[in-house]
Amino acid sequence: MKKQIEVEQPGAVGRSPPRKDGADKVTGRARYLDDLSFPGQLWGRTVRSRVSHGRIKGIWFDPDFDWADVIRVTADDIPGENVVHLIEDDQPILARDLIRHREEPIALLACADREKLEQALEHVRVEVEELTPVLDLLQSTTVFKSYRIEHNTAGLASAFAKAHRVIEGEYRVGHQEHMYIEPQAVCAVPRDDGGVAIYGSCQCPFYMHRALERILAVDESKIAVIQVVTGGGFGGKEEYPSVIAGHAALLAHKAGRPVKMVYKREEDVAATTKRHPAVMKHRTAVAQDGTLLGCEIEIVMDGGAYVTLSPVVLSRGVLHSAGAYRWPSARIDCKVVMTHTPPNGAFRGFGVPQTMFAIEAQMEKVAHELGVDPLELRRKNALRLGDVLLTGQKLEHGVSAREVLDAVAAHSDFARKRVEYARPNGSKRRGIGLSLALHGAGFTGSGEVRLKTRAGVELTERGARVLSASTDIGQGTTTIFAQMAADALGLPLDDVEVADADTSRVPDSGPTVASRTTMVVGGTVVKAARALGEILRGYTAELHGVPAGEVECRQGVFRARGRALAPFAAIARRYLEERGPLVCIEQYRPPPGIEWDDKTYRGDAYPCYAWAATAVEVEVDLDTFEVALLDVVQAAEIGKAIHPVLAEGQIEGGTVQALGYALLEEHVWSQGRILNTRMQNYLIPTSLDVPSVHTLRLENPYPSGPYGAKGLGELPMNGPAPAVAAAVLHATGKLVSELPISPDRLMRALERP
């Protein structure tokens, strides 16, 4: 295993060249959706519910208002199905009869005059018969999905009976806002063939494509979804863009003109998906020496008004809920329920930050009540090579739990500070805490098999072009895809470009989610590049009369037997002139031996896991109950960093986002309505709140990953929140079991006996 070391090497992989999109973004040349204009464009807005639950009795458009140049759309105007295409067909694109949450879309308006459009909204009245809403997830009786995971349950009763201690804990987390820089934004442009082109800020163009097919009732060939430069996503632009794209498309279809919809920040925060709140209960059986004997876990998540992606969020959450530890026996029950609040959906970590907070806080509670060192408790019970997970999966490679723990403990000076800060002095107390986390890369279970991910590479006159629907939402996809393809082809990085994510031009690579872009889609890109390279090597061998097996391409030059044959560009041009376009498309196939049973929920949930440990140092003011961050260290083992600087950026960014989840971010609700919908009152961390984040990049290459890479994007989100809770416990002697750890929650914890 290697620490962060830059090694000079001939290829692009493992180095940190400038981002492909960097210059355009820093100079302002990059054009986001709101920077684009289309001939004859109208602006669109949404008429929304102002109650959390009710029946629509009628929609009234003020007859005294001038509607002549205002396009109006209701559910009656939908040419196809009134549905948002996702896991279940329970969510309408426009409510017709029943309202299931405040902010539910009921009607749409469009006008060229933005000022008049705002006035028009005030002249629409929705008559509603109010019904009693369910707003507490623990009071809901509507279950969207449930799972049970069991492991050696025959020994579970014995484990609790012989335990030295049985330790119980309840943990709660609330909503978290994505707060991407750029709000939801799309423009729908009608086509001459009766179809539509959608330009949008999004993560998953083919999600939108399939949704529009059903809403508009047109053939897939008549729809094109083109991702434009996107100002952040974090999961918030996975499924929700299908809603706003459907709305813009319906208005454009009726108007026969382009319609742009760009949410205001207040609307974006009030109406779009959030991280799922959860209540999690743990019972842990532990031996006197700290060995874990068994666990019982109960999880309830709040899905909001509609199913959206809740079943798979719950799935990933429960599969990680026992943490990175060995459990001789376990039973885990979980469910996600309906409430009359805006639907919750994808968010970086996809259910794991919730369940990881609970298991890591519980581990801290176990250590505290046993009087043992929390680092040693984790080292003793951490998963090792050859261990078996609760689903029956055997860990056969790339297990780095102890390594990341040791790295972060050494770098943070954990042992010394634990002793030093145990001696309280004055009203300001310091503490240090840590956590251990893992994250499975790729879709859960058989998800990748069903997706049939495809990606390709096409020959250009200069080099090659990567074809993929995976989107760059700031994480650097265009750069790393180019790096991997360049090395697979033997080309300089500048000779490889990446096509725009346009559903009419690129194959369906699946959604840009689940820490799968580099490992799954990137690996497919590498296979396609190698296939294209093999064709060109054979072609070059024919031209130069040498055996194909002796031809190689290095730094853009074909060579054989130690001599240069021809530049890649010359061969490419000749091939294109003689034989025409050359495109190689490959489909992802899981590594051999990966098996999963969706019915029993047994088998290999993920092909591999990335590992992380986090140490956080805090200072707690016992007069104001404020928690100040002093130092943060995160060690992440990610297989292989394709672009080390981008990888470190992912670790730093995810860590800061998770620290906001731990200490600051909280929605204030009133009868199903969010009251704090602005960046001024929904607080996220700034540079004044977070010290420098020290990243330790460890590498333990995954044999089936491209160049050894695993997934990375979600991993850093999992560990910081429980590490903060552990540090506060060390400083004060009290474990705050609900996020965020706000001054009022800390005060109440300290007041409890």
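Values in this text are rule-based calculations from the coordinates and carry no lab data. None of these values were measured; they are calculated from a predicted model. FYI the Cβ positions are ideal-geometry reconstructions off the backbone, even for glycines, and counts take in every protein chain you see.
Here are some notes:
- Sparsely packed GluC sites (Glu not before Pro) within region 293-365, loop by DSSP, other Cβ within 10 Å at most 15: none
- Region 82-162 pair-distance distribution - Cα-Cα, 5 Å bins, rounded %: 3, 9, 12, 13, 14, 11, 8, 7, 6, 5, 4, 3, 3, 2, 0
- Virtual spin-label span in nm between His164 and Asn425, 7 Å along Cα→Cβ: 3.3 nm
- Summary of packing: across the peptides 490-496, 650-656, the per-residue average of other C-beta atoms within 10 Å ranks them, highest first, as 650-656, 490-496.
- Packing-based order for 621-627, 284-290, using average beta carbon neighbours within 10 Å, highest first: 284-290, 621-627
- Rg to Rh, two decimals, where the chain supplies the alpha carbon set and Rh follows Kirkwood: 0.99
- When both bridge partners sit in the chain, DSSP labels roughly 80% of those beta bridges antiparallel.
- Note on region 453-587: Kirkwood radius taken over Cα pairs, Stokes-Einstein applied at 10 °C and 1.306 mPa s, translational D equal to 106 µm² s⁻¹.
- Ranked by the mean number of other Cβ atoms within 10 Å of their residues, highest first, the peptides 345-358, 696-709 come out as 345-358, 696-709.
- Proximal aspartates and glutamates relative to Lys710, as straight alpha-carbon distance under 12 Å, when same-chain residues fewer than 8 apart are discounted: Glu637, Glu699
- Filtered GluC sites (Glu not before Pro), region 701-753: DSSP coil and at most 13 other beta carbons within 10 Å: none
- Estimated at 0.36 nm per residue, the fully extended path between Trp67 and Arg752 surpasses their Cα-Cα distance by 240.5 nm.
- With θ taken as phi - 60° and the Karplus curve 6.51 cos²θ - 1.76 cosθ + 1.60 applied, the whole-hertz 3J(HN,Hα) list for region 610-615 is 9, 10, 8, 10, 10, 10 Hz, x standing for glycine and proline.
- Whole-Å distance, taken between Cα centres, linking region 150-224 and region 619-683: 21 Å
- Counting only lysines at least 8 places from Lys264 when in the same chain, those with an alpha carbon closer than 19 Å to its own are Lys116, Lys237, Lys274.
- Extension gain (nm, one decimal) between Glu578 and Glu619, 0.36 nm per residue minus Cα-Cα: 7.7 nm
- Between Lys734 and Gln671, the modelled labels are 3.4 nm apart [label points 7 Å from Cα along Cα→Cβ].
- Using 0.36 nm per residue and subtracting the Cα-Cα separation, the extra length available between Arg114 and Asp333 on full extension is 73.8 nm.
- Residues whose placed amide H lies under 5 Å from that of Leu293, excluding near-sequence neighbours: Ala285, Val286, Ala287
- Integer Hz, Karplus 6.51/-1.76/1.60 couplings in order for region 270-278, x for Gly and Pro: 5, 10, 8, 5, 9, 5, 5, x, 7
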